[in-house]
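Values in this text are rule-based calculations from the coordinates and carry no lab data. For clarity, every value in this text was computed on a predicted model and none was experimentally measured. Heads up, the Cβs are rebuilt from the backbone with ideal geometry, glycines too, and the neighbour counts pull from every protein chain shown.
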Amino acid sequence: MALTFDDLLDRARALPRGGRRAILGIAGGPGAGKTTLAECLVRELNGSGQPWVAHVPMDGFHLADAELDRLGLRDRKGAPDTFDAAGYAALLRRLREEAYGDVVYAPGFERVLEQPLAGAIPVPPTARLVVTEGNYLLLDTGAWARVRPQLDEVWFCELEEAERIRRLVARHEEFGKGHQEAVAWVLGTDQRNAELVAATRDRADLVVRGPVLPPGEARVR
């Protein structure tokens with residue numbers, strides 16, 4: 001039987017146990033719908049009451065363009081070695097260990113600037129569930145191997161390939177690339193990353209096929 005959005009809400013809601021904070025990871029290739037699913041889960045779980053769920057994307061750990069230029073990696077932006085994987089794993093560990101302390105600040109990512117922003121996301125002590133999403137949560141090489149042990153569950157977003165590519169091209173165009181440039185990037189750098197991510201699918205606790213969203217929510221990122 002196909003999963004519904006309510007099924008996912010129930011599963012996420014049950015993750016925090018015994019008063020401790022839980023961390024849910026949502027993985028998947030570029031354009032598969034990770035961010036939209038995470039945002040919908042956080043919004044619906046928090047409802048109109050005291051917020052108890054926080055959203056901390058992996059994208060805040062992109063290396064800045066100046067550092068990518070120094071390393072000669074600018075044309076591979078979005079590949080695993082263009083992120084601070086060790087820093088991301090360390091933040092996840094801190095979120096688990098400091099669940100009753102002060103506010104923990106996480107970096108965000110500005111899509112228009114295509115740059116990380118330090119201290120952009122506050123995670124208050126009241127957050128019992130943290131939802132984090134990104135391409136490489138299930139990667140088991142280098143510092144990325146430190147990420148999975150910090151996550152209570154990881155869900156893998158899987159979207160039909162032609163639709164994933166169409167939406168990814170549209171996203172690049174939305175944030176400033178011309179059509180031909182967007183297509184070239186999606187079929188080049190993004191596709192190499194997508195194939196790497198697809199190979200990690202079997203390590204997920206749950207595969208979410210297609211955009212499983214609440215009624216009226218059609219945008220997938």
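Determine the percent antiparallel among the DSSP beta bridges restricted to the chain, to the nearest 5. Walk me through the numbers on the way to the answer.
On the way: 7 of 24 bridges.
Approximately 30 percent, going by the DSSP bridge assignments.
Checking (1) 25.4, 99; (2) 16.3, 49; (3) 16.8, 52 against Rg and Dmax of the Cα atoms in Å calculated from these atoms, the matching label is (3). For segment 27-91, the square roots of the Cα gyration tensor eigenvalues, ordered a ≥ b ≥ c, give a/c of at least 1.5 with a/b greater than b/c, which places it in the prolate category. Rounded to the nearest 5, what is the percent of antiparallel bridges among the DSSP beta bridges in segment 25-150? Antiparallel bridges: around 60 percent, rounded to the nearest 5.
Can you sort V207, V186 so the residue with the fewest Cβ neighbours within 10 Å comes first?
Numbers: V207 13, V186 23.
Listed from fewest to most nearby Cβ atoms, that is V207, V186.
Among L137, L92, L213, what is the fewest-to-most ranking by other Cβ atoms within 10 Å?
Details: L137 27, L92 24, L213 20.
Final ranking by Cβ density, sparse to dense: L213, L92, L137.
Using R0 = 22 Å, the C-beta based FRET efficiency linking N46 and V103 works out to 0.85. Across G18, G119, G101, mean-square fluctuation computed from a Gaussian network of the chain (C-alpha pairs under 10 Å connected) peaks at G18. The separation of segment 79-103 from segment 126-140, counted between C-alpha centres, amounts to 10 Å. Can you classify segment 84-146 as rounded, prolate or oblate using the Cα gyration tensor, where a ≥ b ≥ c are the square roots of its eigenvalues, rounded means a/c under 1.5, and otherwise it's prolate if a/b beats b/c and oblate if not? Because a/c hits 1.5 or more and a/b fails to exceed b/c, segment 84-146 counts as oblate.
Our note on the geometry: Cα centres of segment 4-70 and segment 167-201, 21 Å apart.
Across segment 78-89, computed HN-Hα scalar couplings (Karplus, 6.51 cos²θ - 1.76 cosθ + 1.60, θ = phi - 60°) run x, 6, x, 7, 9, 10, 8, 5, 5, x, 5, 4 Hz from first to last residue, x flagging Gly and Pro.
At a Förster radius of 22 Å, what calculated FRET efficiency corresponds to the Cβ-Cβ distance of D65 and D140, to the nearest 0.05? That gives a FRET efficiency of 0.20. Footprinting exposure proxy ranking of L37, L117, L139, fewest other C-beta atoms within 10 angstrom first, gives L117, L139, L37. Extension gain for A86-R20 works out to 21.4 nm (0.36 nm per residue, less the C-alpha to C-alpha distance).
Using helices alone, what [θ] at 222 nm do you get for the chain, with -39,500 (n - 2.57) per DSSP H run of 4 or more residues, divided over all residues and rounded to the nearest 500? Could you put the intermediate results ahead of the total?
Values: 7 runs with 71 residues, N = 221.
Roughly -9500 deg cm²/dmol at 222 nm, from the helical runs in the chain.
For GluC sites (Glu not before Pro), the sites in segment 20-99 that DSSP calls loop and that have at most 14 other Cβ atoms within 10 Å are E98.
Please state the shape class of segment 99-221: rounded when a/c is under 1.5, otherwise prolate if a/b exceeds b/c and oblate if not, all from the C-alpha gyration tensor. Prolate. Summing Lys and Arg as +1 and Asp and Glu as -1 over all other residues whose Cβ lies under 13 Å from the Cβ of E97 gives a net charge of +3.
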